[in-house]
């Protein structure tokens, strides 16, 4: 499942959904808002193109790394320090494929999915994080 | 003709997230960007170099498909087209 939304991410539920009897490994990645002297972050998405790109990346990872299942959930809206931004969960027969698939989805998403983050400072001002994806 | 403009991140703050722009028939993407620069304060400085060239961090989609700002600014728009403008991607 690919999701973009404001709701808190349930990593447990994502893990349950990718478990398979033929999968001996489940790898998860959780990106969170780091305290760099900020109050939080605001995350914005160009929703439909972002969902399409994330689904394309998920399918690439499924075939390149022989994953048995993969899910990606990206949050939008105002997030406080410590809250989850992004979760990726991959299952595969063996750990190498599961780790590689998870890493692939993460790096490709950062480079290709139309999403942006703004750091909110304690004085209420904001600063858009400089992106590298094109 | 009317063209819908969607803008994200810093460009969303300058242009508003969504607006409609009225253009002459056969106007190009460049004509649309020039029109935005003439009607929205701050957009010209944000999107164009002083020489008038589009800054390299301006990314564009027409009807949800990426276009190449070096090659496709002369693309002719038609009624109902949608232009999206945004800076480099920064999700994850």
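The values are calculated or read from the model by the stated rules, or taken from the named source; none is laboratory data. Quick caveat, the model's predicted, so the values are computed rather than measured. Every residue, glycine as well, gets a Cβ built from its backbone with ideal geometry; the counts of neighbours run over all protein chains shown.
What to note about this one:
- From A:44, A:60, residue being within 30 Å of residue B:83 (Cβ to Cβ), out of contact with any strand residue (DSSP E or B) (no Cβ under 9 Å at 6 or more places or on another chain) and in contact (Cβ under 8 Å) with a residue 12 or more places away in the chain: A:60
This table checks each residue for (1) modelled with pLDDT under 95; (2) within 13 Å of another protein chain (Cβ to nearest Cβ); (3) surrounded by fewer than 16 Cβ atoms within 10 Å (Cβ to Cβ); (4) in contact with a strand residue (DSSP E or B) (Cβ under 8 Å, 6 or more places away or on another chain).
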site	(1), (2), (3), (4)
B:56	yes, yes, yes, no
B:60	no, yes, no, yes
B:69	yes, yes, no, yes
B:77	no, no, no, yes
B:85	no, yes, no, yes
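- Note on the range B:15-38: residues that are over 19 Å from residue A:115 (Cβ atoms) and assigned to a helix (DSSP H, G or I) amount to 10.
- When the range A:12-36 is limited to residues that are surrounded by 17 or more Cβ atoms within 10 Å (Cβ to Cβ) and in a helix (DSSP H, G or I), the one that is farthest from the other protein chains (Cβ to nearest Cβ) turns out to be A:18.
- Scanning the range A:37-78 for residues that are more than 10 Å from chain B (Cβ to nearest Cβ), more than 17 Å from residue A:26 (Cα to Cα) and assigned to a loop (DSSP other than H, G, I, E, B) gives a single hit, A:37.
- Those residues of the range A:120-134 which are surrounded by 15 or more Cβ atoms within 10 Å (Cβ to Cβ) and part of a strand (DSSP E or B), in sequence order: A:120, A:126, A:128, A:133
- For the range A:79-119, the set of residues classified as in a strand (DSSP E or B) and over 22 Å from residue A:38 (Cβ atoms) consists of A:88, A:89, A:90, A:91, A:92, listed by residue number.
- Unique residue being closer than 18 Å to residue A:29 by Cα and more than 8 Å from chain B (Cβ to nearest Cβ) when the list is A:119, A:107: A:107
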